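Structure first, then comments.
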Amino acid sequence: MSLYRDEILDHYRNPSNFGKPESFTHSAGDVNMACGDGQEVFLTVRDSMIEEAHFIGHGCAISIAATSLLTEFLKGKSVDQLKALGESDMVTLFGSAVTSGRMNCAMLGLKAMQKAIEA
Amino acid sequence: MNSIRAEFPILGREVNGKPLIYLDNAATTQKPKAVIEAEKKFYEESNANIHRGIHTLAEEATALYEKTRELTAEFLSNREVKHTPAFGHPSDRGEYSKKNPLSGGAGVGKEEIIFTKNCTESINLVAYSWAHAFLKEGDAILLSIMEHHANWVPWHELAKQYGWRIEYVDIKDDGTLNLEDLKQKVGKSVKSLKSKIKLVAVTHQSNVLGTINPIDEIIKIAHEHKAKVLVDAAQSVSHIPIDVKKLDVDFLAFSAHKMFGPTGVGVLYAKKELLHQMPPFLMGGDMIKSVSKEEISWNDSPWKFEAGTPNTAGVIAFGEALRFISSLTLSLIDEHVKKLTAYALQELGKIEKLILYGLKDSRASRGIMSFNLAGVHAHDVASILDEEGIAIRSGAHCAHPLMKRLGVDSTARASFSAYNDKNDVDRLVEGIKKVKKIFRV
């Protein structure tokens, strides 16, 4: 299945939860120095549960779509669940194979979110 | 050039159900059957360690390895590399014992060819061996802003350790080297002893822009001001004939794998006078004459710089690559690449929103084209092209300073070799149009 099918491109053109929220409890940024893609993520955590997840940033379609999918997935999940997420989970969210060359793109937002909750 | 596609087995494969269109030759070139067979044959018939054995296999292996050194010397003297096969030819065996390895003459001497792992290691050899021994604190090295990290990082790191200064020569907006800037910087060092440029390290051809630098002029300017020159010829050796003696270059480095040879083999050419003075780089076996608790004496060049067991099979296969590329004639390959680049510039130039970087003139810049599609990340372009079986490169191309100078984070890059043709360019153009459709740009 193509990585660039309509639903993924939709997430790139109209990413979910895109924009800096008025209030948040955790935030962090990450930049992929190799290509210049960068994102900042904002989480609202209460009682170890993720109530809200937002992000801003620029970059390739994979990195934007990945984080958009991730913010939708995380609402209502626990902090522990976020900490446990890895590459294979991002592949599951995408619903199609992500080549190893693009894994950094797919992981950009997740890495930032995991950085945010460590802080 | 069209018939040579049949010589490259990999060009027959499919990628994602589509015929492979390989346009990433600046990263590495594909290998002809002859080169693959040569490596296989060595392991099947003549494998032994070199330089130390007395038995027949060791003699055969040594003769084959040293034969490649001789062929490399001929290649860099811009002489035809002879077509006799690597194996089975009576004169290939025992040749090493009969001929004086320190041959002089008008061309390159065998003692001036050192085998390394790759171009990067060749440059590191010059940095750690020559520069470390002969540059003093306060001496300066001139680099261009378009250098690959291999010809940037070693100089910067050692400069930090030993107190050398790094100066830069800029590019003009069309991606060509600013020769006036270079003249000024090298010249000014004569007046002020504080910042004397002792080495100019420059690429022959940019791996991002395809720009070909006038190294003959650069060498003249540098030598007028008593600076040495190192040329990174990684991208140019595969299509531009080089005569290192005519150029009078001090050091020249390149990799075998970018000119149809195997990976794991690099070459450093250096003038013998320099090699005689230089201390070794890596140390161990084979680069010594004698070893005791009190004293160690070094072997002569080139073996002084080849410690331990080399990539013997790779070097032998590289000899086959030299024969192969010579049989195609470098200048004909260059003509082919020039025509293909002109065609690509023409066709890509028709695509709206496609930004081409560098000089759009195949006479001074060819074979390598960096571009971006406005509104689409280079990685996305590359991934979608990959779905069509097309291999290009995207990213920073190990040239972060150049990316910064161009004002971009990344570019897509297509690069041609002798086996590419107009059909490859047409598929590339179709692929880019598909990207435009998917991203609605």
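The values are calculated or read from the model by the stated rules, or taken from the named source; none is laboratory data. The structure displayed is predicted, hence computed values, not measured ones. In case anyone asks, the SASA skips ligands and DNA or RNA and just uses the protein heavy atoms, side chains included. Shrake-Rupley method; radii C 1.70, N 1.55, O 1.52, S 1.80 Å.
General observations
- Span from the the stretch B:397-415 Cα centroid across to the the stretch B:282-340 one, whole angstrom: 31
- Listed residues B:W298, B:W155 arranged by accessible area, highest first, probe 1.4 Å: B:W298, B:W155
- Cα Rg, Dmax, the protein assembly as shown, angstrom units: 26.4, 84
- Listed values for the stretch A:49-66 are Karplus-derived 3J(HN,Hα) couplings in whole Hz (6.51 cos²θ - 1.76 cosθ + 1.60, θ = phi - 60°), namely 10, 8, 7, 9, 9, 9, 7, 10, x, 9, x, 6, 4, 5, 5, 5, 4, 4, and x replaces Gly and Pro.
- Under the criterion of Cα pairs below 8 Å and six or more residues apart, the relative contact order for the stretch B:14-76 equals 17 percent.
- In chain A, Cα pairs under 8 Å separated by at least six residues give a relative contact order of 31 percent.
- Here B:K40 is the anchor, and the aspartates and glutamates within straight C-alpha reach of less than 19 Å, apart from those fewer than 8 places off in the same chain, are B:E7, B:E59, B:E60, B:E66, B:D92, B:E320.
- Qualifying lysines (Cα of each under 26 Å from Cα of B:K433; at least 8 residues distant if same chain): B:K18, B:K338, B:K339, B:K350, B:K353, B:K360, B:K422
- Amide H contacts of B:I166 (H built 1.01 Å from N, in plane; Pro and chain starts excluded): B:I141 sit under 5 Å, all sequence-distant by 5 or more or on other chains.
- Where B:R13, B:R5, A:R5, B:R440 fall by accessible area, highest first, once all protein chains stay in place (1.4 Å): B:R440, B:R13, B:R5, A:R5
- Amide H contacts of B:F260: B:T29, each under 5 Å away and 5 or more positions distant or on a separate chain (H built 1.01 Å from N in the peptide plane; Pro and chain starts excluded).
- Accessible surface ranking for A:R102, A:R46, 1.4 angstrom probe, highest first: A:R46, A:R102.
- Per-residue ³J(HN,Hα) for the stretch B:239-254, Karplus 6.51 cos²θ - 1.76 cosθ + 1.60, θ = phi - 60°, Hz, x for Gly and Pro: 8, 10, x, 10, 10, 5, 6, 5, 5, 6, 5, 7, 9, 9, 10, 7
- Cross-link partners of B:K196 among lysines, defined as those whose alpha carbon lies under 18 angstrom from its own and excluding same-chain residues fewer than eight positions apart: B:K136, B:K160, B:K183, B:K185, B:K188, B:K220, B:K226, B:K228.
- Counting only whole DSSP H helices of chain B, the ones at least 18 Å long by C-alpha along their axis and with mean Kyte-Doolittle hydropathy no lower than 0.0 are B:312-328, B:330-349.
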